Structures are given as C-alpha cells and as structure tokens.
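Taking it in order: structure first as structure tokens, then the write-up.
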Amino acid sequence: MKLVKTIKEVREEVKQWKREGKTIGFVPTMGYLHDGHMSLVDKSVSQNDRTVVSVFVNPTQFGPGEDLESYPRDIEHDAKLCEEHGAALVFNPEPEEMYDEMFCTYVEMSGLTEELCAKTRPTHFRGVCTVVSKLFNIVTPDRAYFGEKDAQQLAVIRRMVKDLSMDIEIVGCPIVREEDGLAKSSRNTYLNEKERAAATVLSRSLRIGKRLVECGERSCGAVEAAIRAEVEREPLAKVDYVKIVDAETMKPVKKIDRPVLVAEAVYIGKTRLIDNFSFTEEKQ
Ligand code: AMP
C-alpha cells in the first residue's frame, strides 16, 4: 500500500490501474479511522480491484468556532489500518495541496442543504460538495462509499452526482455502533467518562422513536416529541434538532407517508453528535 500526499502521485497511480483495466473504489474520510470507516473500506475492497482512501480534515466544511484545529489526527495509525484492510492507496494531502491561495470555486447546492445539520452549520455542505467533487476528479473512481451515519451528506452526494452527471456509483453503508448503541465517530474521543455514558441517549431516544413508528404512529410531531423528551431527560444533553424529513429531498414532513429519515443532533457537553434511522413502510 502507498501513502501519498500530492494530487500528481494519485493521478499517476490511478492512470496505471486504468491502463490495466482495474476498477477503483474510493472512501473519502477525515481520518482517525475506526470500525465505521473500515466497514466502508471493507465493502470497497470486496467490490473493486483497487481501493483509495482519502484522509483529509477539510477546512472548507468547518464553520468559524468549530473543531477544525482540535479534530483528532493520526495518519500512521490510519495508514496501518488501511493497509491491513487491503486498501491500495491512502491520499493524505495538506490543505495547501487542495486549496491554493487563489482558490475561489465552490459547489453549492440548494434544497437538500437547508434543513437538519445545515441550520447549525450553514456552510458545511458547500465545503463537503466542493471537496468531494475535487476528490472525485482526482481519484476518478467507479464507486464511492459513504456511511448512513451522515445520512444528509449521503443524500446530498447522491443528488450532486446526479445533478452534475458524474459517472460514479454511490454506495451507502449501514451505521456501525459501539456495543451500547452509540454510533462510532471520531468525535466520540472528545467525550469524558460521564459524557460518554450520557451519549447513549442518542441511540436510545431513536430506538423509542423507531418503536413508535413500527407500532403505527404516523404523526411526525408525536414521534419527534417522544425522541426529544427522552434526550431532555439526560442532564448533560442538549438537543440541536430532532427532525423527520423526506428521505430523498430532506424536506420536513408532517406525516410518515413515504420513506423518511428520522435524524437528530445533540450536544453532549460541548461535543455535537448526530444519529438517525430511516423508515420505509413495507407494502402489504
Ligand atoms: P468522517 O471521517 O467522519 O468524515 O467519515 C467518513 C465516512 O465514514 C463518511 O461517509 C461517514 O458517514 C462514514 N462513517 C463515519 N462513522 C461511521 C459509522 N459509525 N458507521 C458507518 N459509517 C461511518
């Protein structure tokens, strides 16, 4: 496995693979890799001849006052994991390699990027779409792998690929959780012991919501209120949002009468965590 830091090196490697007729899978990440990321890598390795993993803490998707500087980084650990899981190439650019001082072209989306995380992080998806477009142009993969943990991001990327006619298959992968239900996340490392225990409220509250929906509740207000009430019982937790949206458009809905995403963002102390589940009514 190779670890490279320049766009040129990625292109040289990819060109050679394409000449050999190899298929390429791509897993974009911000690093500090855990089992959630590695499930994407494993899927890619199983479906493609070569897998590229990018490890890049992308400055343009962080807003002012967010955790860009403190975001955890450990490229040696990440590269070792990627090698063990069968990746062929890790791309770990410096910010200057991706954004020179004249950089001024962004990929902006409307609609899907107005609700949920976009309310608290208004420039986040512009940064995500921009960096993912750049990475797609650099790696030119056949398939790219994204986690359902970031469900709005997955919907946004699917839309962007359609809208901009990118010839890349987007593969969504299920959420990988800790034993107590907490969705794995690089940001979980911010939590102290008490906060870590409190963070189980995210998955627990969603399980309550899911049970309600599975028992036939179709009012979004009622389901959202039940989830919110469970989160509010936890003193260290503060709700950012609890929202049910159309699974494709990410627009709020009042009734669960189509495929929906039930999503929440919760502050545990200063750490903002997200979780979700999808629901589609089975046809009788
Ligand atoms: P990040 O490094 O947080 O930007 O995540 C990189 C990719 O890994 C994204 O597509 C995430 O959705 C995915 N991912 C992160 N955590 C998990 C998880 N617990 N389960 C599944 N996918 C995940």
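The values are calculated or read from the model by the stated rules, or taken from the named source; none is laboratory data. Being a predicted model, the structure only gives us computed values, none of them experimental. Methodologically, a virtual Cβ is constructed for each residue, glycine included, from the backbone with ideal geometry; neighbour enumeration extends over all protein chains shown.
Selection over segment 135-156 of residues that are over 14 Å from VAL14 (Cβ atoms) and assigned to a helix (DSSP H, G or I) gives a count of 9.
Consider segment 157-186 and keep the residues that are β-branched (Val, Ile, Thr) and not in a loop (DSSP other than H, G, I, E, B). The one that is farthest from the ligand (Cβ to nearest atom) is VAL161. Selection over segment 221-267 of residues that are assigned to a strand (DSSP E or B), closer than 18 Å to GLN153 by Cβ and of a type in the set (Gly, Ala, Ser) gives a count of 2.
If we scan segment 98-114, do we find a residue that is surrounded by 14 or more Cβ atoms within 10 Å (Cβ to Cβ), more than 13 Å from the ligand (Cβ to nearest atom), among the β-branched types (Val, Ile, Thr) and touching a residue at least 24 places away in the same chain (Cβ under 8 Å)? Spell out the reasoning first.
Step one: list which residues in segment 98-114 are surrounded by 14 or more Cβ atoms within 10 Å (Cβ to Cβ), which gives 98-99, 107, 109, 112-114.
Filter once more, so that each one left must be more than 13 Å from the ligand (Cβ to nearest atom): 98-99, 107, 109, 112-114.
From what's left, among the β-branched types (Val, Ile, Thr): 107, 113.
So of that shortlist, the ones also touching a residue at least 24 places away in the same chain (Cβ under 8 Å) come out as 107, 113.
Within segment 98-114, one or more residues are surrounded by 14 or more Cβ atoms within 10 Å (Cβ to Cβ), more than 13 Å from the ligand (Cβ to nearest atom), among the β-branched types (Val, Ile, Thr) and touching a residue at least 24 places away in the same chain (Cβ under 8 Å).
What's the number of the only condition in (1) part of a loop (DSSP other than H, G, I, E, B); (2) buried (at least 19 other Cβ atoms within 10 Å of the Cβ) that GLY216 fails to meet? With respect to (1) part of a loop (DSSP other than H, G, I, E, B); (2) buried (at least 19 other Cβ atoms within 10 Å of the Cβ), GLY216 is out only on (2).
Only one of these is assigned to a helix (DSSP H, G or I) and either in contact with a strand residue (DSSP E or B) (Cβ under 7 Å, 6 or more places away or on another chain) or crowded, with 16+ Cβ neighbours inside 10 Å (or both): ARG211, ARG204, ARG272. Name it.
Step by step, each of ARG211, ARG204, ARG272 is checked, and only ARG204 is assigned to a helix (DSSP H, G or I) and either in contact with a strand residue (DSSP E or B) (Cβ under 7 Å, 6 or more places away or on another chain) or crowded, with 16+ Cβ neighbours inside 10 Å (or both).
Of all the listed residues (ARG73, ARG121, ARG50), the sole one being over 23 Å from THR189 (Cα atoms), in contact (Cβ under 8 Å) with a residue 12 or more places away in the chain and basic (Lys, Arg) is ARG50.
Taking the numbered list (1) in contact (Cβ under 8 Å) with a residue 40 or more places away in the chain; (2) surrounded by 21 or more Cβ atoms within 10 Å (Cβ to Cβ) in turn, ILE244 passes all entries but (1).
Could we say that ASP42 is exposed (fewer than 14 other Cβ atoms within 10 Å of the Cβ), closer than 26 Å to ARG177 by Cα and within 12 Å of the ligand (Cβ to nearest atom) here? Walk me through it before giving the result.
Working: exposed (fewer than 14 other Cβ atoms within 10 Å of the Cβ): no; closer than 26 Å to ARG177 by Cα: yes; within 12 Å of the ligand (Cβ to nearest atom): yes.
The answer is no for ASP42.
Within segment 132-161, residues that are without any contact (Cβ under 8 Å) to a residue 24 or more places away in the chain have Cβ atoms under 7 Å from residues that are within 14 Å of the ligand (Cβ to nearest atom) and assigned to a helix (DSSP H, G or I) in these pairs: LEU154/GLU148, counting only partners at least 6 apart in sequence or on another chain. Among the hydrophobic types (A, V, I, L, M, F, W, C) and out of contact with any helix residue (DSSP H, G or I) (no Cβ under 7 Å at 6 or more places or on another chain): is that true of LEU191 in this structure? In short, yes. Sort out which residues of segment 187-201 are part of a loop (DSSP other than H, G, I, E, B) and crowded, with 18+ Cβ neighbours inside 10 Å, and write them in order of number. LEU191, ALA199, listed by residue number. Looking across segment 2-55, just one residue is on the phi > 0 side of the Ramachandran plot and touching a strand residue (DSSP E or B) at 6+ places or on another chain (Cβ under 8 Å), and that is GLY31.
Applying the criterion of being closer than 25 Å to SER70 by Cα and out of contact with any Ser or Thr (no Cβ under 6 Å at 6 or more places or on another chain) to the residues of segment 14-38, the residue that is farthest from the ligand (Cβ to nearest atom) is MET38. Are any of the residues in segment 71-82 surrounded by 14 or more Cβ atoms within 10 Å (Cβ to Cβ), within 17 Å of ILE24 (Cβ to Cβ) and at pLDDT 95 or above? Yes, the conditions are met somewhere in segment 71-82.
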